[in-house]
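The values are calculated or read from the model by the stated rules, or taken from the named source; none is laboratory data. From a predicted model like this one, the values you see are computed outputs, not experimental measurements. No Cβ is skipped: glycine too gets one built from the backbone with ideal geometry, and neighbour counts run over all protein chains shown. Ligands, DNA and RNA are excluded from the accessible area calculation, which covers all protein heavy atoms including side chains. Shrake-Rupley method; radii C 1.70, N 1.55, O 1.52, S 1.80 Å.
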Amino acid sequence: MHRDVVPALDTRPLSYAFGVEIRGLDLRQPLASATATAVRQLWNAHGIILLRGQDITPQQLIDFSRHFGTLDLHETLAPFRHPQHPELFVLSTIPVDGKPSVSENVGRHWHSDLSYTLRPPLGSIFHAQILPEVGGDTMFCSTQAAYAALSPTLQQMIEGREAVHDYMGVENMKKRDPALVAQLRAANPPIAQPLVRAHNETGAKCLYLSEQMTKRIVGMTERESIPILRMLFEHCVDPLFTYRHQWQKNDIIMWDNRSTMHLALADFAPGAHRYCMRTTILGEPSGTLFQG
Ligand code: SIN
């Protein structure tokens with residue numbers, strides 16, 4: 001069978017633990033399938049990919065993202081969708097009709113996107129369009145590097161355990177409009193997920209938890225669970241395993257939700273405008289409804 005030769009792409013590392021920039025791609029042009037394969041291989045190997053200078057339309061972001069899988073239509077997060085493109089999740093601080101944007105505080109905690117769903121995404125592809133004069137940075141950590149650095153004894157202790165991911169644990173929920181919170185609560189019940197997940201393409205084991213949404217290990221009380229989860233979480237965000245991205249207009253970052261977490265920092269002046277959008281690529285089914 002004929003297979004296209006996978007091209008070698010021009011890359012440079014972003015940090016010690018993970019991440020690469022790919023240079024020389026122009027997403028305004030159709031992407032050859034062999035090039036998409038090369039990008040996917042780099043994405044699996046490095047966890048996050050940066051592409052700079054991509055002056056693309058929302059439709060071009062969607063078209064590029066479709067090379068990597070089926071796109072989430074964000075039905076459980078409908079208030080955050082782009083009005084014309086349900087494939088796009090909008091992250092904006094720009095008021096709408098004089099009211100604060102519903103997404104102005106989204107992502108202000110370490111997490112892997114939609115870990116509280118039964119089909120968490122394999123990755124997300126984020127396009128920075130309007131940025132504050134300074135700040136609006138996003139931090140990333142490698143949960144794969146963090147898992148690998150644990151002692152074998154601790155790895156064995158947590159292997160096979162599940163932890164509960166509850167979207168309602170996000171602290172910013174308290175600042176949101178009660179009607180919006182009620183809508184989000186109804187659509188997003190707590191889900192038990194494996195605390196250690198093998199990446200379904202590379203087989204690498206990765207920690208799977210989040211800063212505010214994971215407070216309980218299944219079979220343990222919260223009092224027992226919280227110190228263990230806090231220690232694992234603090235280990236994940238050890239500076240050794242992190243990368244902080246200072247966005248430039250038209251940057252794209254592709255992050256792997258199986259092997260990384262991220263945090264959107266509020267490190268900019270109140271009222272400053274930041275407008276970005278991302279696609280969310282569906283992954284494999286994972287987890288069960290938690291009724292504990
Ligand atoms: C997110 O998708 O979690 C938000 C990331 C960001 O706004 O930097």
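With R₀ set to 25 Å, the beta-carbon distance separating Thr70 from Thr202 gives a calculated FRET efficiency near 0.80. Computed over the alpha carbons of the chain, Rg followed by Dmax gives 18.6, 59 Å. Annotation: amide H-H contacts under 5 Å for Thr260 (H modelled 1.01 Å from N, sequence separation of 5 or more, or interchain): Thr143. Sorting Asp97, Asp137 on solvent-accessible area from highest to lowest, probe radius 1.4 Å, gives Asp97, Asp137.
Spin-label model, Met173/Val96: points 7 Å from Cα along the beta carbon direction are separated by 2.2 nm. Looking at the chain, the DSSP beta bridges with both ends there are about 95 percent antiparallel. Working ranking of peptides 265-275, 160-170 by packing, defined as the average number of other Cβ atoms within 10 Å per residue, highest first, is 160-170, 265-275. Each of Arg223 and Arg119 was given a label point 7 Å from its Cα along the Cα-to-Cβ line. The distance between the two points is 4.1 nm. Cross-link partners of Lys205 among aspartates and glutamates, defined as those whose alpha carbon lies under 17 angstrom from its own and excluding same-chain residues fewer than eight positions apart: Glu159, Glu162, Asp256, Glu284. Per residue, the accessible area of the chain comes to 47 Å² when a 1.4 Å probe rolls over the protein heavy atoms.
Amide H contacts under 5 Å for His199: Ala204, Lys205, Cys206, restricted to partners 5 or more places along the chain or on a different chain, H placed in the peptide plane at 1.01 Å from N.
In order along segment 69-84, the Karplus-derived 3J(HN,Hα) couplings, from 6.51 cos²θ - 1.76 cosθ + 1.60 at θ = phi - 60°, round to x, 7, 8, 5, 9, 6, 5, 7, 10, 3, x, 9, 6, 5, x, 9 Hz, and Gly and Pro are given as x. Evaluating 6.51 cos²θ - 1.76 cosθ + 1.60 at θ = phi - 60° for every residue in segment 218-224, the Karplus couplings come out as 4, x, 10, 6, 4, 4, 6 Hz, glycine and proline recorded as x. Karplus-derived 3J(HN,Hα) values for segment 97-104, using 6.51 cos²θ - 1.76 cosθ + 1.60 with θ = phi - 60°, are 6, x, 9, x, 5, 4, 9, 4 Hz; glycine and proline are entered as x. Computed with a 1.4 Å probe on the full set of protein chains, the accessible area for Asp10 sits at about 80 Å². Close amide H contacts of Glu162 (hydrogens built in the peptide plane, cut-off under 5 Å, sequence separation of 5 or more or a different chain): Leu195, Val218.
Note on segment 63-144: Cα convex hull, mean projected area over all directions, 7.0 nm².
Here Arg185 and Leu240 are evaluated by their C-beta separation; at R0 = 45 Å the FRET efficiency comes out at 0.80. Measuring nothing but protein heavy atoms, the accessible surface of the chain at 1.4 Å probe radius is 53 percent carbon and sulfur. Summary value for segment 10-289: 35 percent relative contact order, contacts being C-alpha pairs under 8 angstrom separated by 6+ residues. A straight line joining the Cα centroids of segment 1-59 and segment 99-119 runs 26 Å.
Straight-line cross-link partners of Lys175 among the aspartates and glutamates, defined as a Cα under 13 Å from its Cα and at least 8 positions apart when in the same chain: Glu104.
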